[in-house]
Each structure stands twice: as C-alpha cells, then as structure tokens.
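What follows is a single structure, written as structure tokens, with notes after it.
The values are calculated or read from the model by the stated rules, or taken from the named source; none is laboratory data. A quick note: this is a predicted structure, and the numbers were derived from the prediction, not measured. Counting neighbours? That spans all protein chains shown, and the Cβs are built from the backbone with ideal geometry, glycine included. All accessible areas refer to the heavy atoms of the entire protein, side chains included, with ligands and DNA or RNA removed. Shrake-Rupley method; radii C 1.70, N 1.55, O 1.52, S 1.80 Å.
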Number of protein chains: 2
Amino acid sequence: MLKKTIPIMFVLALICIALKAQKLTSFVNPFIGTGAVDSSSLSGSNFPGATVPFGFVQLSPDTQDNPDNPASGYDHNDKTIVGFSHTHLSGTGVADLFDVLFMPATGEVKTVPGEADKPGSGYRSRFSHNEESARPGYYQVKLSDYNVNAELTATEHTGFHRYTFPSGAKSQVIIDMNHSLNKKRSYWSCKIIGAELRVIDNKTIEGYRILTGWAKMRKIYFRAEFSRPFSSHKMINGQKVYENEVFVNGTNIKSVLNFGENNKEPLLVKVGLSPVSLENAKMNMDQEISGWDFEKVVSEAENKWEHELEKIHIEGTKEQKQIFYTGLYHAFTQPNNMADVNGEYQASDFTIRKADDKKHYSTFSLWDTYRAAHPLYTLIQQERTADFINSMFRQYDTYGYLPIWQLWGDENYCMIGNHAIPVIVDAALKGLKGFDIGKAYEAVKGSSVRTHPGSPFDLWNKYHFMPENQQSQSVSITLEMAYDDWCVAQLAKKLNKTEDYTYFMARSMYYKNLYDSQTGFFRAKNDDGKWVSPFNPLQYGGNGGNPYTEGNAWQYFWYVPQDVKGLINLVGGDKAFIAKLDQFFTLKDLPGEVNGNASGFIGQYAHGNEPSHHAAYLYNYAGQPWKTQAYVAQVLNELYNNSFSGYSGNEDCGQMSSWYIFSAMGFYPVNPANSIYAIGSPVLPKAVIHLPGKDFTVTTKNPSKKNVYIQSVKLNGKSYNKTYITHQDIVRGGTLEFTMGPQPNKKWGVSADARPLDSAFK
Amino acid sequence: MLKKTIPIMFVLALICIALKAQKLTSFVNPFIGTGAVDSSSLSGSNFPGATVPFGFVQLSPDTQDNPDNPASGYDHNDKTIVGFSHTHLSGTGVADLFDVLFMPATGEVKTVPGEADKPGSGYRSRFSHNEESARPGYYQVKLSDYNVNAELTATEHTGFHRYTFPSGAKSQVIIDMNHSLNKKRSYWSCKIIGAELRVIDNKTIEGYRILTGWAKMRKIYFRAEFSRPFSSHKMINGQKVYENEVFVNGTNIKSVLNFGENNKEPLLVKVGLSPVSLENAKMNMDQEISGWDFEKVVSEAENKWEHELEKIHIEGTKEQKQIFYTGLYHAFTQPNNMADVNGEYQASDFTIRKADDKKHYSTFSLWDTYRAAHPLYTLIQQERTADFINSMFRQYDTYGYLPIWQLWGDENYCMIGNHAIPVIVDAALKGLKGFDIGKAYEAVKGSSVRTHPGSPFDLWNKYHFMPENQQSQSVSITLEMAYDDWCVAQLAKKLNKTEDYTYFMARSMYYKNLYDSQTGFFRAKNDDGKWVSPFNPLQYGGNGGNPYTEGNAWQYFWYVPQDVKGLINLVGGDKAFIAKLDQFFTLKDLPGEVNGNASGFIGQYAHGNEPSHHAAYLYNYAGQPWKTQAYVAQVLNELYNNSFSGYSGNEDCGQMSSWYIFSAMGFYPVNPANSIYAIGSPVLPKAVIHLPGKDFTVTTKNPSKKNVYIQSVKLNGKSYNKTYITHQDIVRGGTLEFTMGPQPNKKWGVSADARPLDSAFK
C-alpha cells in the first residue's frame, strides 16, 4: 500500500505545484473586449495595453487617430496602429484621454497619422494580431511597416516603452500632442486649449497639454527620458516644421526625435505623467522607475496583478478561468488613483489639492458599476473601497453633491441617478472601515436633497414622480431615484435618524406612482398627471428626449431592487410576475429603434447594457428559482467568451465583468446595498474568496452547460434551502456547496422563506 | 512795505494752499476714452469703473451683455447697463474678462440681461450720464429702471459695491456667471467650461468659473459678503430655476438674492476675487477690507491714485490737466498684479506658482506699450518696471520666450514682434535695479533665436527678410524684428558679448532688404526674392494675409527707429526724406480698405494706431525740427480732448496716453530703448517730474495753440540747440526751458550735431 501510495501522492503533489506555479495572470487575456464580432455588435471597448491595478497610466495602442468608437481607442478589427498613448478608459461608451502619443518609426519622417487604408500616408503602421501579445502589465506588437517591435509596460504614473528597431534603419520616435478623442464629435468634443513640448537635453523631452473634452478641463504633463541620445529633432506646430528648436507651444504640436542608425540595443523610453505639473511628472517617474531594467518593471507589474487576482482562486475550464480572471483584471483597471506620488491632485473645483494618504481615485462610471463592480470591491477591495469613498467625499465638499459619473476628478453628468449613494451606503452597512460614517450620511443625504442636473428634487418632492415634460428620462430617473432614496433611508435607520428614515422610505415608494395598471408598465406622466401617449413598451430611449434611459419599458420594468415584493404585488402577484418575466425573456419582437447600447438579447433581456443585469435573478423572488438558474446559466455560457469579442456590450469599467464573477460563483447582488446575494447558477467547480483572515469557499458538483440546475445546496455543511446568502455568510468565512443537475429541482428554494430578504439587516 | 507785503504773501500762500488742496485725482476723468464720437470713429475702449493703480480687480459697468466692441464692455453711447463685472481690459482692441457680474434690481425678478432696446425685457437698466459720475477709485450711477443708486470702489483684489434701493421696494441682487465676452465671435470666442455658485450662509455666496477666450484658460474664483442677510434666493442653471438651493454647477449659471423691502440702509457687498482658489479669494478680501466702511475704501483708493499721479506735477489749462492726468491714470491701470496676497498666481504652464515678492504682473500689450508706456514706467515706475520684467522672465522660463501679448499670465500671440525685448533692454541700459541683467540677456537672446509663432528665426536667418509667402505680415515683422535685434545687440554690447553684438547688429540691418528703390517703400518679397505684386502703398493690412500689420506701406515706411540715418540714406538723403515725410502728412488719398485700427488721420499719418506714433518726430533727424513741432502740436491739440471720445483710437493699455504725456512735456522716445528723447512741441507751462531725490522741471514760455514753434531752449540754464535730450539729462535732475512762438525758428536745432543720436551710449 505504502509503495503504491507514495507515487500517487508524489504525482498529486507535482500537480499541485504545477497548478500553483501557473500564475493567475496567465489566464488574463487583455484582448477580451477589444472588438466587436461584427459591425452590428458592440465591442467591450476595453484596451489591450499595459497598466498596473488602478493605475493612472494605462499605456496602450490606439488604432484610430481621433478615437470615438470604441471609446478605448483600440479596435481589434482595425489593421493599423497610430501609436501608443498613456491614458485610456476601459469599457466606456464615451471616449476621452489618449494623452501623449508615442510612435516609433523608421525611414522617411512623417508628421501626420495618415489614413488607415493608405499605407505610407502617415506615421501609422500596419500590424498583425499574429505578431501582437499582451498580458497584465505588458503589451507587445510588431509594427510591420517599420519592422519595429514595440513593447510597453507601466507603473502607477509612468509608461515604459522598449522599441527594437531593425539594424541600420533610421530610427525615430514621433510624439503627437494633438492625438485626442474626436474633435468633431457633436457632443463632448475635444478642443486642445494649449500645449507645449520642450527638449531638456538630448535624452529628455517634456511637455503638457490642456484640453476640454468629456472631462471638462484636463491638464496633463509629461517627462520622457530616453536610454540613448537623439541626434536631431523636429518641432512641429500645425503646418510649420522647425529643425532642432528647443520649444514649441501651440494647439497642434508634435515632435520627431531622430536616433540614427545605430540600433544594436533597443531604445527605451520612460514617460512620467502627472495631471498637476512637469515637476510632479518627473517626481512620479523618479520615484517609480530608477533605472533602465524593462524586464524588472514588467515583472513588478505582473506581480502587482497577481497579488490582486489572488483574492479569488477558482477552478474551472481554461476558458472560464480566462473570462473570470480577465474580468477581475478589467474590474481592477479602474477607478484610477489620480494623485501624484506626493498626493497632489486636481479637485473638482479645478484647484490643486493634496491628499495626505496620496490617494485620490477617479473614473467613477457609477450608473454601471454600483450594480456589481462596487459590491465586488466591497468584498475584495475593502481598503480601496474606503479610498474610493473618501475621494467621492471630496467632490461632495467642493461640488455640492456626490459623483454621478466622475472623470479626471470632475463631474461629467453622464447617465442618471446618484449611484454613489448605494456604493457608500453598502460599504457603511457592511461595516467597512476607513471613512467617516457621519460624513457618509451627510454626503448621501445632501446629494439627495440638493437639486442638481438630472436630479430635480424640487419636482420629486412636489409630484412624487418625475414629470417627463419637466425632466426627460423620467421613468428611469423615478425608478433609480427611488432606489437611491431607499439606500439613504437604510443609513438613516442605522444612525437612528428616524425622521429621515421615514422621509426617504416614503420617497423610495414613489416608483409606484408611475405604474400604469392598464398597460402593466412603468410609464411616463407629465406634470398634469396624465400619461404620456402614445406608449409602446418596445420603444427605446437614449440619453434624453424619452422617458427611458438606454432602454425601453420592458427593460426598466424590473428596476425596483429595494422592493421586489412591492413590484410583485403591483403587477398582481407571483403568477402574473412570473408570466411577465417569462414574456420578457421570450418576447422576440425587435425593440423599437434599438440604440447602440442594446445587445446580448434573450427576448427583451439585453445583457449588453446594465438595466437588465439583475433581472434574471428575479424569479427567486416569486418562487421559481430554477428559471433564474436557467437564464443566468444561459448568459454565463452564451454571452461571455474568451475572444476579443467576449462581451455582449461595453464592459463599462468592470460592471460587465463583475456580473460574471459573481454569477459564475453562484450569486449576485440584485440590490447592491442590502447585503443580500441572490443565488443563481454556479458554473465553477470551486471558488475561494480570500478575505482578511478567512476564506469563503464555493464548491459546485457536476457543473456543466447542461447541468445548470441546482439540485441541492449546503451552507457550512448544512442543507440550505434559501435562494440567497448574506454578506455576513461570506465574510465570516465558510463553505457553500452546490450540487447541479440537468433538470430543475422545483422543490429547492421555493418556499416563502426561501425568497431573498429586503435587507440583511433588521 | 511790510503792511502791504503781508497781505500779498498771505494771498499767495492761500493760493498755494488752494492749489495744493486740489487733488490731482480731481483732474482725472475716467469717462475719457469710453466711447466713439460717432459710428465711423473709434472708441478709446477704456472703462469708467473703479480700480486702484495696477489692481487686479477693475470693477466697472458693462453696457453690453456679450461685449466685443468696444472691448472694455462699456460704450458711452449705450443707454443701458447690464451690471457691474469685476475684471476689465483698458483700451484694448480685443475683449475679454468681465468676470462675476453683479446687478442690483427691484420688483419682478428677471434672470436674463434682456435687450437694450426693450426696457423690462431683462435685468438690465436704463441710465443717464447726468446721473453717473466717476473718479479714480469710485464710480456711481443711478439705475433708472429701478431707481437704485449703485456705487463702486475697489482694492487690489476686492470689489466693494454700495446699492441704495428705494424705500419699500423689493430689493435683489443678480449674480450672472455667464456674462462674458461674445461667445459667438469667430476668433478667440468664449466658452464657459464650468462654473459654480454656492450659498455659504445668508450673507455670503461663493463661486467660480473656468473658461477659454482671448486668454486661453482662465479660472476666476470669488467670495461675496453682504452687509445684511438675504431672505431667499434663486439658483439658475440654464433654463432651470431652483428656489433656495445651496449649490449650482453648470456653464450658464446665475443667482438672484432677495433682500426684502427694508431698505433703510444701503446694501453693501464686498467681492474678493482670485485666479487661484476660493480660499485665496476669501484671503484677499479679508486682508484688504476688514469692515464695512465704504467711504474709507473710496478714500484709500483715491489716495493710492494721488500718490501715483504725484510723480508728475504739471501746470496748464484744465483740459490739459484732465487729458494729462487721465492719461497717467490710464497708463497706471495696467499691467495688473495677478498674484494673490499670498503670492500665488497662475503661470503660463497653467500651474499655480508662488511669487515670493507677491507680485506677478500681466496684461502686457507690448506691441503698443513698448513705444512710450514702458519708457514712461522706466522713468516714474522704476520699481514696478523691475517687477514687470521679473514677471516676464517667468513666461520665458515656463514658455520658452518672452511675452508678445500676455493676458492673465499667458501668451495670446496678439500682434507681432517680440517687444518685451526693448522694454527689458531699455530698463537694463538705463541701469534700473531689481532684476538680473544676466537673466535679462539670456531671455532677450533666447527669445530672438528660438523660432515661435510669428517669429520664424529660421527664415530670418536664411533669407535675411521675412518672405511673405512663408510668413504673412512680412514687411511689418521684418521692420520690427530688425528693431528688436538692434536692442539685443545693445545689451550684448553692454555685456561685452562682441560676437553676439555683431550678429544681432547685422540682423538689425535686414530692414534694408525689403526696401524697393523703384517705389520708395518697404515692400514684401516672397522666398524666391521677387517683389510681391501688385503693390499699392495705400493698401491696408490687418492681422494676417497682407504684408502690413494694421497699416499700409506709407505708415510702415518710418519704422526704423534704430537707424533713422540709414533710412534717410536709403531714400536718398535729407531732402528726399523730408519730401516723403511732407507727402506722408499731406497725402489725402484714402488708404485702400481702411480697417478698424486706422483713425486720427493727418494725411496718411494715423494717430489712432501705433505704427505712426513716432513719425512726426522724424523731421528732427533730417534738419527740419519745426515740422516736427507743427505736427506734434497738431496731434496734441486736435487728436486729444477731455470728452468721452478723447482719443483717436484704442487707448491701448496706456500707449495713447503716454504719447500725450511725453509729447505735452516736449519730448518723446522715438527709439524706446536708446535713452534718447526727441524734442517736439511742449504745450504745458510747467511740468515737474519727481524722481528719487531729484526733480526734472520743464518750463515753457508762451505756449498756446498758435505758439507751437520752439524759439529757443535752455537746459540747466544754458542755451541748448539739440533736438533731443537724454535719459541721463532727466534723471540727474535739472531744468529744461522752452520759449515758444507762432513762427518757426528755422535756425534752432538744424545743425548736424543737433540731430538725435542713435543711442545715448557710446
């Protein structure tokens, strides 16, 4: 026995070591979400370039010279690269940033990007995905027009490039300060207000630009240091080209640095960036990258990612691991710490202030991320969640209300609601440390009573719904505002502010005032109290001019996460609610005038945009959890993949990924601030969430694309019949064991007390 | 004898006291230059409001809601006032600033300025010049639509308003953060990027705006404190009006504060401003105005003006005194100290920096002011001249070259040349203290070799003239650049930089390369060396697209102040030169396509714009000084007056006034950097320039509109036959005595050695 046992254990140990040795970063595929599968589909709008977790610098190739769509600047379907810019947005529907473009080239100097379909018309180069690779903290591409291999890595504030030129070729680097989001866009278009480039010595160039765009006003300063001297250079100002001039100031400025033909060694360049000053850009670089060891910086970046990804260990197929860990990677790509290494940052009043803790996070795509990305942070980025909240408080202090969509430290009013509120309330109720709960209440209440763009609380208090003729997107705002009010009420309750609790709970029920029992939908009213007609529940709205925001009445029907019971009663009870859900997931009629945010359809359900994200879980609330399981499994298995077109819509700063991360483990925060997770259909054999001092382990027997139905569940070894778990169940550590099968167990989770609670708190 | 003598001496003493008692500020008429005499004339573009010398806050009524022309915002011919904004430009041809508009009103609340010809269509009010008054540091107007008396005064960074409302009227104050230069202007138009208003308590409101305009990017923060509480208020965001909301953020925001009907006491409001932060705006106000004593601030402002005006005491007619002291007032209205009381300012790289001496001057309209305004400062604002130069050095350090037209601390590239160079060189050669002469040379040389917009030194070095097909305005730039080069050479000489001296002296002669002996004019060439044809010496240019800048070939012919002898030789000697001057002053043909800068004509001479300003003095250089005297007297007597239309063109930040100040005393700096003043035709019986420890006194016997010709001159008691004096003559103290008559003394000043020297230095 012993003789036989040892080799087997030895083999098992080797397997364990092998498994251990395979870094989690190896499962990250930064190309997921970088392109649409065809022209009628959406891209995830992710970028494939190099960044560290939550880093300010995100150094990535741009395939478009004035990017607009996809908003990341990189489209996997494009054939040329215009260069590598240092700041990007991941997964957004609107483009901005793209600062300080560097492009290596050879031969004849070109000073315009040129046209993609005319090789040689500019400095852009063709490339092939066969000669391109990326992993966390590293990106590489062969620029085929120049036969230059370009490699990128990054630290928090510094981009690091390594260009390998062909021997004997005249090597050059173009710096384009005019590269920006589309300047001709009809909304939030870019205008470069001023820019400068300055040669410090023959290895160093500095510069900055100040511009308006999706972010109202950004200043971006950089300092670039090269590993070897340039022998000559051009400064370009519009149409004018100056040889070896030290300075250039203008709005359309560029430089070409010539490094000669001695290409024995690769050319390295470090580019420190700062939103504050040239001095800070240098300070950031000096503190983060002292020498010229490119591999060391790559390795450090990878280690930082490994450290973050290790917060959850999973077992599963290679594809599942790739989707899951790339999801975590995308979720941790932002918010970004905008503070320089000395703590200075641009506040929302356009002054420069100093954060003692050297952290000021921005890029808060809250309408998306409050749903699942922030709950994920609340679970496995608890310290950073406090940092996020303290950063949001600063907007409250200088701007009067919490962020709606905060970019570069300032409000851009994209989308609707005040969804910093659920983020803060959720963290407060979960007991996260590191921020002041009194300040939290002041901020969430203040942001719920001070009328501001998109949030006319005067109308809210007067009409108890949003009248469409006074505030467009009125149905969506009514529903989402009611939810935010419920969140405020919960924090009021915790702090024994009874009067406020009563007030905000009353407001949280205003959603009912737009329910039209005739049509069975939430429907717009004008301020005369009359329904807006005609009404078509398939009719899509965009971002104004229609009662529904990026969706239709079908998709917005489900948005009462604070009171699903109330919603069920409104529609006439479980049966009617189930029937409506069934219809929602099966109604194949094309929604009227589908807009660019609608994709990933199952009936009217559109996984490609956020309003649908919680809907599949709602069957749990009406006694048919197996339908939740079926649809959740369908989304997990059909609407995510590990290819460049792996998402069914914009990844949205981590939200699309976080849906997968939670759902793949078997549960999802339908109400992201009540500490309840509805159980869906787990697909991973094992997932271990590492929490401070404790682990929460989810195991799943027999998961497969057929075995999508829960047969039984055990929580900490005991049979478990509820269709939800609480946050407390997770953070106290333990095990959740699912057994799956190909047929529904219609006895599991169907009792009245199995339904998800309104809140985990009394 | 004794009995008789005493009363006479007593009377004399009383007269002296009376004379002494009449403050010089009493001669300042801030309405001079505030309007054009008719629609075909130019306004001085001055504003009548309240400011202290060189103050940042210049609180003045705006008669236009989106000012453009006149650029000061106030037109004496307008019938309505839209309100009082806190920052202005004096005499410029381009509009900007107009920050933080306050307007008192009564009755029905209006939230738009309305139309001037439709009373009651907005908050603007009619007014009458009969119910309007102004003196240095004080402005008052009765707003007749509201029967409100509004009074304004100011400190360096703080505006102080006093509004007297009619008893029983519902009093209100409108704050309009959308009031700006014309947003629809096709060039340098304004865009408000972001703005905020915030009620701090019922006596305090704060706010800011960030905007792009003629100044690339400005941030302006304010804090307003009222002497009594407002009982309610509105916040306005575009079309939306919110009652008693604490905050409003947007791009078109306003507030209306309601003070009720209890108007027994006037309502006072202090408004502190800062280009840096709200905190600094409060700090500025707290430091400058501690209480509510309006009269005290008025008196302090007046005293500051009196102190500055006392630098020159003159005798003359009341009109002469009014023109002269208003001229000094306009000359001392800018440059403006942009630094807050703690020294913080916005640098030209858009960072906030700190000046240890708490001084950072901006608004440098150098193409205008280097001619006579800066020479005036060099004489009687010596300390501030050093401050100006140190401020300019900061642009050199952060921007790469010295200011061309610096507004709000940043370059706007208005006009041509690099005329910070003569300003700095002049101060250095005159031995002014307080700046580093080595740094001065570094900056003037650096700015003369680094190609930048409007100054392509690569072309200059290659062609030895500006080729029109590569650089428009080529004749004007060639002439003015040659002059700036001469200045650099002079400083090189002083510092024994022989090689640089030779180099820049050679460049200073490049003007000859555009002299066309066929036509007898400076004329444009293309880079092939051929004359640009057809050529019409009357043809006007504007600011691009033509070889001449805001002038024609006739007006630019005279621009060789560094080498008038060379110019005389070029044209064929004294006789030909005199004949050409005679023709210039008598050629009545209308210049072709006269543009908006041409006015104040004597023949082709146009006193309304700067290129002509030195031309009348050029007869001295060719032996007929009596013609200088005649034309200078004509300009003094006919092209200046003490009415609202007292200038023949834009006052241009002190240049138009400084021409009068010098010329009225009898001399003018034809070459503003050679320490030589050409003698003209003095019109004042007496002028005393008070210099540190010394006086320089000019007396003129028999001056009158007929007695414009010099009969004889004495310098320090000795007969003086030269047509110039040196700066040294003035600063060492002494007396210059003119005797005037109705006929030319053709023997005075005609000898070869009587002609102005190239330089006062060997």
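Going by the structure shown, is residue A:301 surrounded by 18 or more Cβ atoms within 10 Å (Cβ to Cβ), of a type in the set (Gly, Ala, Ser) and either more than 30 Å from residue B:451 (Cα to Cα) or not assigned by the TED database to the domain that holds residue A:99 (or both)? Don't jump to the end; show me each part of the working.
Working: surrounded by 18 or more Cβ atoms within 10 Å (Cβ to Cβ): yes; of a type in the set (Gly, Ala, Ser): yes; either more than 30 Å from residue B:451 (Cα to Cα) or not assigned by the TED database to the domain that holds residue A:99 (or both): yes.
Judged against the criteria, residue A:301 is a match.
So, restricting to helices (runs of 4 or more DSSP H) that lie completely within region B:397-511, which ones have at least 2 residues that are open to solvent by less than 10 Å² (accessible area, probe 1.4 Å) and more than 14 Å from chain A (Cβ to nearest Cβ)? Walk me through how you get there before you give the answer.
Numbers: elements: B:420-429, B:437-449, B:457-463, B:474-494, B:498-508.
Answer list for region B:397-511: B:420-429, B:437-449, B:474-494, B:498-508.
Test residue B:646 against the criterion of being assigned by the TED database to the domain that holds residue B:737 and without any contact (Cβ under 8 Å) to a residue 24 or more places away in the chain, and give yes or no. Lay out the reasoning, then the answer.
Details: assigned by the TED database to the domain that holds residue B:737: yes; without any contact (Cβ under 8 Å) to a residue 24 or more places away in the chain: no.
No: the conditions fail for residue B:646.
Would you mind stating whether residue A:306 is in contact (Cβ under 8 Å) with a residue 60 or more places away in the chain and acidic (Asp, Glu)? Steps first, please.
On the way: in contact (Cβ under 8 Å) with a residue 60 or more places away in the chain: yes; acidic (Asp, Glu): yes.
So residue A:306 fits the description; yes.
Before we move on, is residue B:590 over 24 Å from the mean Cα position of the chain (by Cα) and closer than 29 Å to residue B:76 by Cβ? Talk me through it step by step, then tell me what you get.
Working: over 24 Å from the mean Cα position of the chain (by Cα): yes; closer than 29 Å to residue B:76 by Cβ: yes.
So residue B:590 fits the description; yes.
Surrounded by 17 or more Cβ atoms within 10 Å (Cβ to Cβ), modelled with pLDDT of 95 or more and more than 21 Å from residue A:391 (Cβ to Cβ): does that describe residue A:339?
Values: surrounded by 17 or more Cβ atoms within 10 Å (Cβ to Cβ): yes; modelled with pLDDT of 95 or more: yes; more than 21 Å from residue A:391 (Cβ to Cβ): no.
The answer is no for residue A:339.
Can you name the number of the only condition in (1) open to solvent by 10 Å² or more (accessible area, probe 1.4 Å); (2) out of contact with any Ser or Thr (no Cβ under 7 Å at 6 or more places or on another chain); (3) not in a strand (DSSP E or B) that residue B:181 fails?
Failing condition for residue B:181: (1).
Every residue, every condition in (1) among the basic types (Lys, Arg); (2) in contact with a helix residue (DSSP H, G or I) (Cβ under 9 Å, 6 or more places away or on another chain), yes or no:
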| site | (1), (2) |
| --- | --- |
| A:129 | no, no |
| A:133 | no, no |
| A:149 | no, yes |
| A:164 | no, no |
| A:170 | yes, no |
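Taking region B:200-215 as the region of interest, how many residues are facing another protein chain (nearest Cβ under 10 Å), within 21 Å of residue B:280 (Cβ to Cβ) and among the β-branched types (Val, Ile, Thr)?
Qualifying residue count, region B:200-215: 1.
May I ask you to list the residues in region B:352-379 that are surrounded by fewer than 19 Cβ atoms within 10 Å (Cβ to Cβ) and either part of a loop (DSSP other than H, G, I, E, B) or more than 14 Å from chain A (Cβ to nearest Cβ) (or both)?
Across region B:352-379, the qualifying residues are B:356, B:357, B:358.
Out of all the residues in region A:309-351, which are in a loop (DSSP other than H, G, I, E, B), away from chain B (no Cβ under 14 Å) and not basic (Lys, Arg)? Steps first, please.
Let us first name the residues in region A:309-351 that are in a loop (DSSP other than H, G, I, E, B), namely A:310-311, A:316-317, A:332-335, A:338-343, A:347-351.
Cutting the leftovers down to away from chain B (no Cβ under 14 Å) gives us A:310-311, A:316-317, A:332-335, A:338-339, A:341, A:343.
Within region A:309-351, A:310, A:316, A:317, A:332, A:333, A:334, A:335, A:338, A:339, A:341, A:343 meet the criteria.
Which of the residues that make up region A:274-312 are β-branched (Val, Ile, Thr) and touching an Asp or Glu at 6+ places or on another chain (Cβ under 6 Å)? Before you say what the answer is, go through the steps one by one.
Filtering region A:274-312 for residues β-branched (Val, Ile, Thr) gives A:276, A:289, A:297-298, A:312.
Result: A:276, single match.
Report whether or not residue B:409 is over 23 Å from residue B:280 (Cβ atoms) and of a type in the set (Gly, Ala, Ser). Reasoning before the result, please.
Numbers: over 23 Å from residue B:280 (Cβ atoms): no; of a type in the set (Gly, Ala, Ser): yes.
So residue B:409 does not fit the description; no.
Return the residues of region B:43-78 that are aromatic (Phe, Trp, Tyr) and under 19 Å from residue B:339 (Cα atoms); say none if nothing qualifies.
Narrowing region B:43-78 to residues aromatic (Phe, Trp, Tyr): B:47, B:54, B:56, B:74.
Residues satisfying the conditions are B:54, B:56.
Which of the residues that make up region B:693-714 are touching a helix residue (DSSP H, G or I) at 6+ places or on another chain (Cβ under 8 Å) and under 17 Å from residue B:629 (Cβ atoms)?
Here is the first cut: in region B:693-714, the ones touching a helix residue (DSSP H, G or I) at 6+ places or on another chain (Cβ under 8 Å) are B:694, B:696, B:698, B:705, B:708-710.
The answer is B:698, B:705, B:708, B:709, B:710.
So in region A:216-255, with the set limited to residues that are at the interface with chain B (Cβ under 10 Å from one of its Cβ atoms) and in a loop (DSSP other than H, G, I, E, B), which one is farthest from residue A:171 (Cα to Cα)? Explain how you work it out, then say what you get.
Here is the first cut: in region A:216-255, the ones at the interface with chain B (Cβ under 10 Å from one of its Cβ atoms) are A:216-217, A:219, A:221, A:235, A:237-238, A:240-251.
If we keep only those that are in a loop (DSSP other than H, G, I, E, B) as well, we get A:216-217, A:238, A:244-246, A:251.
On the way: A:216: 37, A:217: 35, A:238: 23, A:244: 16, A:245: 19, A:246: 20, A:251: 26 Å.
For region A:216-255, the residue satisfying everything is A:216.
When only residues in region B:36-61 that are under 14 Å from residue B:599 (Cα atoms) and of a type outside the set (Ser, Thr, Tyr) count, which is farthest from the chain's Cα centre (by Cα)?
So the residue we want is B:38.
I'd like the residue in region A:383-396 that is within 18 Å of the chain's Cα centre (by Cα) and open to solvent by 10 Å² or more (accessible area, probe 1.4 Å) and, out of all such residues, is nearest to residue A:348 (Cα to Cα).
Filtering region A:383-396 for residues that are within 18 Å of the chain's Cα centre (by Cα) and open to solvent by 10 Å² or more (accessible area, probe 1.4 Å), the one nearest to residue A:348 (Cα to Cα) comes out as A:387.
If you check every pair at least six apart or on different chains, which have Cβ atoms under 7 Å apart with a residue in region A:273-294 that is of a type in the set (Lys, Arg) first and a residue that is open to solvent by 10 Å² or more (accessible area, probe 1.4 Å) and outside any helix (DSSP H, G or I) second?
Listed pairs, sorted by first residue: A:282/A:223.
Could you go through region B:357-374 and let me know if any residue there is without any contact (Cβ under 8 Å) to a residue 60 or more places away in the chain and touching an Asp or Glu at 6+ places or on another chain (Cβ under 6 Å).
For region B:357-374, residues without any contact (Cβ under 8 Å) to a residue 60 or more places away in the chain and touching an Asp or Glu at 6+ places or on another chain (Cβ under 6 Å): present.
Any idea which residue in region A:263-286 is farthest from the other protein chains (Cβ to nearest Cβ), counting only those that are in contact with a Gly (Cβ under 9 Å, 6 or more places away or on another chain) and of a type outside the set (A, V, I, L, M)? Explain how you work it out, then say what you get.
Our first condition is that a residue be in contact with a Gly (Cβ under 9 Å, 6 or more places away or on another chain); within region A:263-286, this holds for A:263, A:269-273, A:275, A:278, A:280-286.
Those left that are additionally of a type outside the set (A, V, I, L, M): A:263, A:270, A:272, A:275, A:280, A:282, A:284, A:286.
Numbers: A:263: 30, A:270: 21, A:272: 16, A:275: 11, A:280: 9, A:282: 13, A:284: 15, A:286: 18 Å.
Result: A:263.
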